[in-house]
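The next block holds one structure in the form of structure tokens; read it before the comments.
The values are calculated or read from the model by the stated rules, or taken from the named source; none is laboratory data. Just so it is clear, the structure is predicted and the values come from calculations on it, not from any experiment. Cβ placement follows ideal geometry from the backbone for every residue including glycine, while neighbour counts extend to all protein chains displayed.
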Amino acid sequence: MTNMLLAVVVGLTAGAALRPAVVALAIPAGRPADCPACSPRPAGPTVLRLLSSGCENCRGQLLDAPWWLPPAATAAAFAAVAAGDATGWYAAAQYWIAFLGTALLLVDSAVQRLPDALTAPAAVGTLVLLAGAAAEGEPGSLPRAVAVAVAAGVLFTAFALGSMGLGDAKLAVSLGALLGWRSWQAAWAGLVLAFTLGALFAVFLLLVQRRSRKSTLALGPALIIGTLAVLATGP
């Protein structure tokens with residue numbers, strides 16, 4: 001219980017720190033990075049705008065979402081990791097994905113984009129932390145993690161030739177490595193659960209929001225939630 005409460009508190013803090021990055025990356029294509037209400041608009045991005053939650057002139061919010069959403073989502077992700085009772089470097093890898101994965105989930109849900117600024121450090125950090133776990137002799141397999149990561153990247157790159165984007169393939173590398181470290185069964189469970197959640201979400205949008213079958217849907221959230229759900233079942 002103590003570990004769970006600590007994870008939630010740390011998740012809330014990390015999520016609050018994460019919000020400026022989510023705001024900066026969740027700007028729809030074709031929309032200026034500055035607040036449309038400002039006149040004249042600032043010319044080009046600035047460090048202040050990237051580090052703040054809104055426009056540097058009027059502080060209007062650039063992301064149409066409640067301020068508490070990133071902290072709450074990150075806290076939930078950290079709680080899922082804590083529920084799995086993982087320890088050591090492998091736990092650090094899980095929290096790394098929970099942290100960056102929350103940002104990716106929110107950005108992809110908002111603008112259907114998985115930016116390299118998040119997917120690249122997610123993949124590199126995961127592999128480095130798993131290498132640390134292997135060096136310490138923690139239960140798991142680094143070769144299997146690498147094999148699943150490569151297989152997931154190739155599989156989702158092939159999917160990208162259809163309706164999916166390359167962002168999903170880049171995200172699948174880190175998620176596949178994390179699940180592959182545990183077992184082949186975990187990797188398969190994460191994949192099946194992700195596609196099941198994606199299908200259910202697509203049906204929900206078709207029925208509730210009256211989307212068409214040709215509408216583009218974000219798969220990133222389903223991949224992240226599916227992975228965290230599998231991780232929550234144990235170390």
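Structure notes:
- Residue in the range 29-48 that is of a type in the set (Val, Ile, Thr) and either at pLDDT below 95 or over 19 Å from residue 220 (Cβ atoms) (or both) present: yes
- Members of the range 117-141 found to be in contact (Cβ under 8 Å) with a residue 60 or more places away in the chain and either more than 19 Å from residue 71 (Cα to Cα) or basic (Lys, Arg) (or both), listed by number: 117, 139
- Pairs linking a residue in the range 1-14 that is under 14 Å from residue 98 (Cβ atoms) to a residue that is of a type in the set (Val, Ile, Thr), with Cβ atoms under 6 Å and 6 or more positions apart or on different chains, are 11/74; 14/74.
- In the range 92-145, the residues that are of a type outside the set (Val, Ile, Thr), out of contact with any helix residue (DSSP H, G or I) (no Cβ under 7 Å at 6 or more places or on another chain) and surrounded by 16 or more Cβ atoms within 10 Å (Cβ to Cβ): 110, 112
- Scoring residue 188 on the criteria (1) surrounded by fewer than 17 Cβ atoms within 10 Å (Cβ to Cβ); (2) touching a helix residue (DSSP H, G or I) at 6+ places or on another chain (Cβ under 7 Å); (3) of a type in the set (A, V, I, L, M, F, W, C) leaves a single failure, condition (2).
- Exactly one residue among 158, 123, 134, 189 is of a type in the set (A, V, I, L, M, F, W, C) and farther than 24 Å from residue 217 by Cβ, and that residue is 134.
- Here residue 114 clears all of (1) in contact (Cβ under 8 Å) with a residue 60 or more places away in the chain; (2) of a type outside the set (Gly, Ala, Ser); (3) in a helix (DSSP H, G or I) except the condition numbered (3).
- When residue 87 is tested against (1) closer than 16 Å to residue 167 by Cβ; (2) surrounded by fewer than 20 Cβ atoms within 10 Å (Cβ to Cβ); (3) among the hydroxyl-bearing types (Ser, Thr, Tyr), only condition (1) is not met.
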